[in-house]
Amino acid sequence: MRIVVAMSGGVDSSVAAALLAEQGHEVIGLSMQLYPSTSSGQATDGDRSFGNCCTLDDLHDARRVANALGIPHYIVNFERRFQETVISNFVREYAAGRTPLPCAHCNSDLKFAALLDRARGLGAEQVATGHYARVDRNPNGRWLLKRSADPDKDQSYFLFALTQEQLACANFPVGGLSKPQVRAQARRLDLQVADKPDSQEICFLPHGEYAAFVAQAAPEVAERGAIVDQRGRVLGTHDGIHRFTIGQRKGLGLSAPGPLYVLRIDAPAGTVTVGPRSALEQTTLTASGVNWISTAPPDSWLAVAAQIRHRHRAGPGYVRALEGARAEFVFTHPQPAVTPGQAVAFYDGDLVVGGGWIE
């Protein structure tokens, strides 16, 4: 089978490509150039520096791995699509007082959609990545998305938006392995990236400095506003709502007898409401842009567990579909910091039932 592998230059995608080649597949490596890169390997956009993943060095690593495997390797330029799909959304969400999740947008709206088009142009049947997730199919022919075998590295939360068409062509070769097993495979295969550290940052942010990035892209967000308590009393001021997210405790610049957390962000008014941790707990949420994977949209309450952050332990409750690709979820037990702009993925055990964007 001819398979296109998205090669980022990291150990996971490199092992994915190597395993498929070892299995006898005709593998073609594709790496995405997402922003301009200098000869030093540090990506830039004018005077703005990007993060330290997906750089020119990473593209060189991907090419070296492809050469070692004896497979063709191409670099595709997605700078404009990345700007329009991921970065612009990131800035807009923070400017609206929401907390974006760029990796999920990149995976579904850019990576799989764009690479699937390229794969078809190359006559390939599948697109493989180094994601820690698994694809299956039920007896009725519906494609399913499942958690990976390694719960600590599971990335299914970021993939909830994959459509049936995309899942039908998706291949996650490392989804059944743990991270130590992936590195062991890389050493067995003598891949140069076997001990390459994992990237811990959003790829386009230098050192995670999101506030400066957003303010440079949208200077109008850096307007002073009030920090208020739950009764509306002014406790202090801030230099822009883009500096805050629901549940934040540090960096508030307030003196109080007890810890305070960000409870609400009102973008039109420019106010940030703070309060005690107990006030963060919520029992319900609504989501938009919901994609149902394992089932048709449920018109009655369906027992599932909802994961509201990457490292969040999914909380049990009930979900039902609403009109307009929306959903309502009720937690059995209150959950802290349900954050607008983040993703919510619904699970039945390891099975991803669906997911959407928290309103």
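The values are calculated or read from the model by the stated rules, or taken from the named source; none is laboratory data. These figures come from a predicted structure and were not determined experimentally. All Cβ positions, glycine included, derive from the backbone under ideal geometry; neighbour counts span all protein chains shown.
Scan segment 169-218 for residues that are farther than 21 Å from LEU101 by Cβ and surrounded by fewer than 16 Cβ atoms within 10 Å (Cβ to Cβ) and jot them down.
Answer for segment 169-218, where residues must be farther than 21 Å from LEU101 by Cβ and surrounded by fewer than 16 Cβ atoms within 10 Å (Cβ to Cβ): GLY176, PRO180, GLN181, ALA184, ARG187, ARG188, ASP190, GLN192, ASP195, PRO197.
I'd like the full set of residues that are over 18 Å from GLU79 (Cβ atoms), modelled with pLDDT under 90 and among the polar types (S, T, N, Q), limited to segment 89-139.
SER108
Starting from residues that are of a type in the set (Val, Ile, Thr) and within 16 Å of the chain's Cα centre (by Cα), keep the ones in segment 347-359 and report whichever is farthest from SER156 (Cα to Cα).
This residue is ILE358.
The rows are residues; the columns are (1) touching a residue at least 12 places away in the same chain (Cβ under 8 Å); (2) within 16 Å of ALA168 (Cα to Cα).
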position: SER88; (1), (2): no, no
position: ALA95; (1), (2): yes, no
position: ALA104; (1), (2): yes, no
position: ASN107; (1), (2): yes, yes
position: ALA113; (1), (2): yes, yes
position: ARG120; (1), (2): no, yes
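This table checks each residue for (1) aliphatic (A, V, I, L, M); (2) under 18 Å from the mean Cα position of the chain (by Cα).
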residue	(1), (2)
VAL304	yes, no
ILE308	yes, yes
HIS312	no, yes
GLY315	no, no
TYR318	no, no
GLU328	no, no
GLN335	no, no
THR339	no, yes
ALA345	yes, yes
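How do the helices (runs of 4 or more DSSP H) wholly within segment 87-188 filter down when requiring 3 or more residues that are touching a strand residue (DSSP E or B) at 6+ places or on another chain (Cβ under 6 Å): which remain?
The qualifying helices (runs of 4 or more DSSP H) are 113-121, 164-168.
Of everything in segment 253-268, what is of a type in the set (Gly, Ala, Ser) and free of Cβ contacts under 8 Å to residues at least 60 places away in the same chain? Give them in sequence order.
Across segment 253-268, the qualifying residues are GLY253, SER255, ALA256, GLY258.
Exactly one condition in (1) over 14 Å from HIS242 (Cβ atoms); (2) at pLDDT 95 or above is not met by ASP198; state its number.
(2)
From the list VAL353, VAL290, VAL262, exactly one residue is hydrophobic (A, V, I, L, M, F, W, C) and either under 27 Å from ALA211 (Cα atoms) or assigned by TED's automatic domain parsing to the domain that holds PHE160 (or both). Which is it?
None of the others qualify; the one that does is VAL262.
Rundown of residues vs (1) modelled with pLDDT of 95 or more; (2) assigned to a strand (DSSP E or B); (3) in contact with a Ser or Thr (Cβ under 6 Å, 6 or more places away or on another chain); (4) among the small types (Gly, Ala, Ser), yes/no style:
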position: VAL272; (1), (2), (3), (4): yes, yes, no, no
position: THR284; (1), (2), (3), (4): yes, yes, no, no
position: VAL290; (1), (2), (3), (4): yes, yes, no, no
position: PRO297; (1), (2), (3), (4): yes, no, no, no
position: ALA303; (1), (2), (3), (4): yes, yes, no, yes
position: THR332; (1), (2), (3), (4): yes, yes, no, no
position: ALA345; (1), (2), (3), (4): yes, yes, no, yes
position: VAL352; (1), (2), (3), (4): yes, yes, yes, no
